[in-house]
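Trainee: Got a structure for you, questions after.
The values are calculated or read from the model by the stated rules, or taken from the named source; none is laboratory data. All of these numbers come straight from a predicted model, not from anything done at the bench. Using ideal geometry, Cβ is built from the backbone for each residue, glycine included, and neighbour counts are taken over all protein chains shown. With ligands, DNA and RNA removed, areas are computed over all heavy atoms of the protein, side chains included. Shrake-Rupley method; radii C 1.70, N 1.55, O 1.52, S 1.80 Å.
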Amino acid sequence: MKTQVAIIGAGPSGLLLGQLLSRAGVANVVLEQRSADYVLGRIRAGVLEQVTVDLLDEAGVGARMHAEGLPHDGVELCFDGQRHRIDLLGLTGKRVMVYGQTEVTRDLMAARAEAALPTVYEAENVSVHGFDGDRPVVRYTKDGAAHELQCEFIAGCDGFHGVCRASVPAEAIALHEKVYPFGWLGVLADVPPVNHELIYVNHERGFALCSQRSRTRSRYYVQCSLDDNAEDWSDAAFWNELKRRLPEATAAGLVTGPSIEKSIAPLRSFVAEPLRFGRLFLAGDAGHIVPPTGAKGLNLAATDVAYLWQGLADHYRGNGTALAHYSARALARIWKAERFSWSMTTLMHRFPDGGSFARKMQQAELAYLVSSPAAMTALAENYVGLPMD
Ligand code: FAS
Ligand code: PHB
């Protein structure tokens with residue numbers, strides 16, 4: 001089999017890239033190790049920046065997002081039992097869209113299937129070769145049969161644990177990482193959200209987040225120990241802990257119910273540099289990870305894809321300069337999002353060995369933040385998403 005671009009991974013990065021490239025007339029094949037249902041079963045991001053909304057529209061998959069998504073004009077920070085609203089729209093002129101990553105992925109999968117674009121789910125033993133030359137090759141097995149895909153470029157959209165970054169020689173790549181000493185225990189439940197906008201909570205028992213997927217489906221998180229297992233947390237224990245981290249009046253309005261998903265996500269900051277290795281490109285979680293506190297993971301993946309799509313489309317139109325700048329352009333935006341996500345994580349979480357001074361710094365930072373229009377504007381412009389260069 002032959003194609004122009006082999007895309008490894010059918011998460012939001014791989015599917016969005018495939019959709020944009022196909023609309024630009026660039027042939028591509030998506031290879032995914034899991035089944036489509038498995039990919040859809042992973043509950044992840046919930047907040048889209050306007051840049052991501054625009055990209056999904058550009059990809060022709062924005063209709064259901066506009067029909068079912070929830071535009072949010074503000075977000076709340078809660079500390080010392082008080083809730084403070086950050087007026088995103090008033091401070092920046094922009095809002096965010098609450099629309100789950102699962103739905104984004106579902107819309108992209110449906111568009112790809114409708115266009116009958118070549119996609120191999122449950123591709124096993126995927127390996128990438130020859131990307132330092134002019135004739136890259138991807139090998140995989142499917143239903144026990146060995147296959148070889150000859151291509152001109154490989155897009156590594158295979159996430160943090162994928163094969164593409166792992167196939168780059170150690171001496172050719174620099175890795176930057178910070179692992180946080182806690183995780184997020186997340187619960188999805190078909191109960192109405194406690195508030196019409198998101199609430200990020202700094203509490204001495206730990207961080208909490210009140211998010212949502214629709215007016216009838218909520219997503220909540222509490223900071224937990226890395227020693228915890230999701231199955232050790234009963235629904236009742238989760239709801240009680242969340243209530244203890246919310247102001248009394250807010251907790252009184254919390255509607256609880258059976259969890260339909262419960263999982264623990266570890267938190268890390270991670271960047272690989274560069275993001276190009278000959279004819280292999282890394283995009284999305286394959287190249288970087290952010291702690292979800294800034295709601296940047298999925299949005300960074302989308303802007304990586306935008307830069308890569310522009311570069312590849314230009315290449316096939318006979319102009320290779322944009323492709324040559326992919327890594328530098330993407331990394332410039334990635335590092336700004338890494339900084340914001342790190343700063344929000346440092347501000348909002350309980351650090352086990354942080355000590356009293358670190359706690360006092362958090363309280364001073366929060367008190368200053370909600371008293372300063374300049375500080376709130378700085379947070380808001382990062383949260384809604386910085387403009388693409
Ligand atoms: P993904 O990891 O989504 O997709 C990569 C795909 O490649 C997967 O389907 C995988 O099966 C496939 N793959 C891997 N190896 C392969 C191989 N060898 N061959 C073929 N296919 C292979 N972001 C937020 O903004 N908010 C959140 O709350 C949030 N929560 C998260 C919770 C968890 C547990 C994780 C892991 C991430 C979370 N994120 C969150 C970030 C998340 O949304 C990512 O940014 C987003 O999934 C990035 O999309 P992709 O780059 O497509 O990577
Ligand atoms: C979510 O809804 O899953 C979500 C929202 C905002 C975040 C992280 C996760 O910062």
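Trainee: The conditions are (1) closer than 21 Å to ALA301 by Cα; (2) more than 20 Å from the chain's Cα centre (by Cα), and GLY18 fails exactly one of them. Which is it?
Mentor: Result: GLY18 fails condition (2) only.
Trainee: Would you check if PHE270 is closer than 23 Å to THR52 by Cβ, of a type in the set (A, V, I, L, M, F, W, C) and more than 15 Å from ligand 2 (Cβ to nearest atom)?
Mentor: In short, yes.
Trainee: Would you mind finding the one in GLY69, GLY90 that is more than 22 Å from ALA265 (Cα to Cα), within 16 Å of ligand 2 (Cβ to nearest atom) and free of Cβ contacts under 8 Å to residues at least 40 places away in the same chain?
Mentor: GLY69
Trainee: Related question: Looking at (1) within 16 Å of ligand 1 (Cβ to nearest atom); (2) among the acidic types (Asp, Glu); (3) closer than 30 Å to LEU31 by Cβ; (4) surrounded by 13 or more Cβ atoms within 10 Å (Cβ to Cβ), which is the one condition that is false for ASP228?
Mentor: (3)
Trainee: Let me ask something else. Can you go through GLU241, GLU261, GLU231 and tell me which one is part of a strand (DSSP E or B) and of a type in the set (Asp, Glu)? Quick ask: steps written out before the conclusion?
Mentor: Working: GLU241 fails: part of a strand (DSSP E or B); GLU231 fails: part of a strand (DSSP E or B).
Testing whether each residue is part of a strand (DSSP E or B) and of a type in the set (Asp, Glu) leaves just GLU261.
Trainee: Scan region 184-196 for residues that are within 16 Å of ligand 1 (Cβ to nearest atom), open to solvent by less than 30 Å² (accessible area, probe 1.4 Å) and either farther than 15 Å from PRO291 by Cβ or among the acidic types (Asp, Glu) (or both) and jot them down.
Mentor: The first filter runs over region 184-196 and keeps only residues within 16 Å of ligand 1 (Cβ to nearest atom), leaving 184-189, 193.
Among the residues that remain, those that are also open to solvent by less than 30 Å² (accessible area, probe 1.4 Å) are: 184-189.
If the condition is that a residue be within 16 Å of ligand 1 (Cβ to nearest atom), open to solvent by less than 30 Å² (accessible area, probe 1.4 Å) and either farther than 15 Å from PRO291 by Cβ or among the acidic types (Asp, Glu) (or both), then VAL187, LEU188, ALA189 are the ones that fit.
Trainee: Sort out which residues of region 17-38 are part of a helix (DSSP H, G or I) and open to solvent by 10 Å² or more (accessible area, probe 1.4 Å), and write them in order of number.
Mentor: Listed by number, the residues that qualify are GLN19, SER22, ARG23, ALA36, ASP37, TYR38.
Trainee: Output the number of residues of region 204-225 satisfying the condition of being more than 10 Å from ligand 2 (Cβ to nearest atom) and touching an Asp or Glu at 6+ places or on another chain (Cβ under 9 Å).
Mentor: Residues meeting the conditions: 8.
Trainee: Next up: What are the pairs with Cβ atoms under 8 angstrom where one residue, in region 116-130, is at pLDDT 95 or above and of a type in the set (D, E, K, R) and the other, located anywhere, is open to solvent by 40 Å² or more (accessible area, probe 1.4 Å) and assigned to a strand (DSSP E or B)? Sequence gap at least six, or different chains.
Mentor: Pairs found: GLU122/LYS142; GLU124/LYS142.
Trainee: Continuing with the same structure: Within region 315-324, is there a residue that is over 29 Å from LEU175 (Cα atoms) and part of a helix (DSSP H, G or I)?
Mentor: yes
Trainee: What number of residues in region 335-371 are surrounded by 14 or more Cβ atoms within 10 Å (Cβ to Cβ), in a loop (DSSP other than H, G, I, E, B) and over 25 Å from the mean Cα position of the chain (by Cα)?
Mentor: Total satisfying the criteria: 1.
Trainee: For region 101-112, indicate whether the set of residues that are in a strand (DSSP E or B), of a type in the set (Val, Ile, Thr) and not assigned by TED's automatic domain parsing to the domain that holds GLN212 is non-empty.
Mentor: As a first pass, look at region 101-112 and keep what is in a strand (DSSP E or B): none.
The answer is no, given that none of the residues of region 101-112 is in a strand (DSSP E or B), of a type in the set (Val, Ile, Thr) and not assigned by TED's automatic domain parsing to the domain that holds GLN212.
Trainee: Can ARG112 be described as in contact with a strand residue (DSSP E or B) (Cβ under 9 Å, 6 or more places away or on another chain) and either more than 27 Å from ALA313 (Cβ to Cβ) or away from ligand 1 (no atom under 14 Å from the Cβ) (or both)?
Mentor: No.
Trainee: Identify, please: which residue in region 45-55 is open to solvent by less than 10 Å² (accessible area, probe 1.4 Å) and part of a helix (DSSP H, G or I) and is, among those, nearest to ligand 2 (Cβ to nearest atom)?
Mentor: So, considering only residues that are open to solvent by less than 10 Å² (accessible area, probe 1.4 Å) and part of a helix (DSSP H, G or I), the one nearest to ligand 2 (Cβ to nearest atom) is THR52.
Trainee: While we're here: When both residues are 6+ apart or on different chains and their Cβ atoms are under 6 Å apart, which pairs have a first residue that lies in region 320-344 and is farther than 17 Å from VAL271 by Cβ, and a second that is among the acidic types (Asp, Glu)?
Mentor: ALA322/ASP314
Trainee: Still on this structure, I have one more. When residues of region 248-264 are filtered for being open to solvent by 20 Å² or more (accessible area, probe 1.4 Å) and touching a residue at least 24 places away in the same chain (Cβ under 8 Å), how many remain? Steps first, please.
Mentor: Taking region 248-264 and keeping what is open to solvent by 20 Å² or more (accessible area, probe 1.4 Å), we get 248-249, 252-253, 255-256, 258-264.
Next, from what is left, pick out any that are touching a residue at least 24 places away in the same chain (Cβ under 8 Å): 248, 253, 255-256, 258-264.
Number satisfying all stated conditions: 11.
Trainee: Here's another thing I want to ask about it. Which residues, counting only those in region 243-267, are under 20 Å from PHE182 (Cβ atoms) and away from ligand 1 (no atom under 16 Å from the Cβ)?
Mentor: LYS243, ARG244, ARG245, LEU246
Trainee: Right, here's the next one. Looking only at region 265-297, how many residues end up being assigned to a loop (DSSP other than H, G, I, E, B), touching a Phe, Trp or Tyr at 6+ places or on another chain (Cβ under 8 Å) and surrounded by fewer than 24 Cβ atoms within 10 Å (Cβ to Cβ)?
Mentor: Qualifying residue count for the region: 2.
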